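Colleague: Sharing a structure here in structure tokens format.
The values are calculated or read from the model by the stated rules, or taken from the named source; none is laboratory data. What you see is a predicted model; the values in this text were computed from it and never measured. When we count neighbours, we look across all protein chains shown, and the Cβ atoms used for this are built from the backbone with ideal geometry, even at glycine.
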Amino acid sequence: MEEEVVNYRTFEELPHQYEHIDGDGWREKFKWIDNKRIMNKYEPQNLQLEWNILKEQCNNLRSNVQKNALLLVREIIQYDHLQYDNLESFSVLQLVFEKCNLEFKFLSQEALKTVEILSQKAYNRELIQILCQITNKCPVIQCYSYTTLVKIVCNSNLDCDWEPIIQSTLLVYDGKSVEQEFRIYLRHRDYMPQLRGLSQKPSSRKVLKTF
């Protein structure tokens, strides 16, 4: 399908005026996303995610609509307008991690930018629980969800709900030698006695020597 050239507005370029929508073609879907982006910027208190619709646009056959939808998701997360206390947020973050694996680089790069922003967020118990759930249920995207989890925890004051973090770490850790996983173990092992036995595994001893 041949793509038409469209202009992607940066967050700073978004006007304070909503787009007029007349019809149901791909351009109207693009405008609908722009209107959500405008509301997220200027009237976040009125923003309704309408995830079922937005998810369709994140998977739209037109990559330009997909990219604009991913821009919206990124901005919602960046400016802390996503609530982490509902099932909808699980679906949002799962989709972002899945998009990181896309072959189309200009789409996967948008998702990766969102993951980087997410990994810099302050510790939030609900967010950590969602990241643990995604890590436990979705092995294909563990490399994104668990790494994000590790970065948030390592930048926290360690006053965490450790139980779900421990369970996810044990799941990802098992039989693997991954730097990030060992980093959280080495830095915080006194807070996680369940993980001490992992240092006795042959693969663990091999990696421990490199630190």
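Colleague: Do the conditions hold for residue 130, that is, is it within 24 Å of residue 86 (Cβ to Cβ), of a type in the set (Val, Ile, Thr) and modelled with pLDDT under 95?
Modeller: On the way: within 24 Å of residue 86 (Cβ to Cβ): yes; of a type in the set (Val, Ile, Thr): yes; modelled with pLDDT under 95: no.
Judged against the criteria, residue 130 is not a match.
Colleague: Is at least one residue of region 96-104 closer than 22 Å to residue 171 by Cα and surrounded by 21 or more Cβ atoms within 10 Å (Cβ to Cβ)? Step through it out loud before you land on a result.
Modeller: Initial filter on region 96-104 (closer than 22 Å to residue 171 by Cα): 96-98, 100-101.
Then keep just the ones that are surrounded by 21 or more Cβ atoms within 10 Å (Cβ to Cβ); that gives 96-97.
Looking through region 96-104, at least one residue is closer than 22 Å to residue 171 by Cα and surrounded by 21 or more Cβ atoms within 10 Å (Cβ to Cβ).
Colleague: Would you please name the residue that is surrounded by the most Cβ atoms within 10 Å (Cβ to Cβ), looking only at residues in region 110-168 that are of a type in the set (Lys, Arg), under 14 Å from the mean Cα position of the chain (by Cα) and not in a loop (DSSP other than H, G, I, E, B)?
Modeller: As a first pass, look at region 110-168 and keep what is of a type in the set (Lys, Arg): 113, 121, 125, 137, 151.
Remaining after also requiring under 14 Å from the mean Cα position of the chain (by Cα): 113, 121, 151.
From the residues that got through so far, the ones that are not in a loop (DSSP other than H, G, I, E, B) too are 113, 151.
Values: 113: 16, 151: 19.
Filtering region 110-168 for residues that are of a type in the set (Lys, Arg), under 14 Å from the mean Cα position of the chain (by Cα) and not in a loop (DSSP other than H, G, I, E, B), the one surrounded by the most Cβ atoms within 10 Å (Cβ to Cβ) comes out as 151.
Colleague: Follow-up question, since we're still on this one. Just to verify a result, which residue in region 19-34, among those that are loosely packed, with under 10 Cβ neighbours inside 10 Å and acidic (Asp, Glu), is nearest to residue 65 (Cα to Cα)?
Modeller: By that ranking, first place goes to 24.
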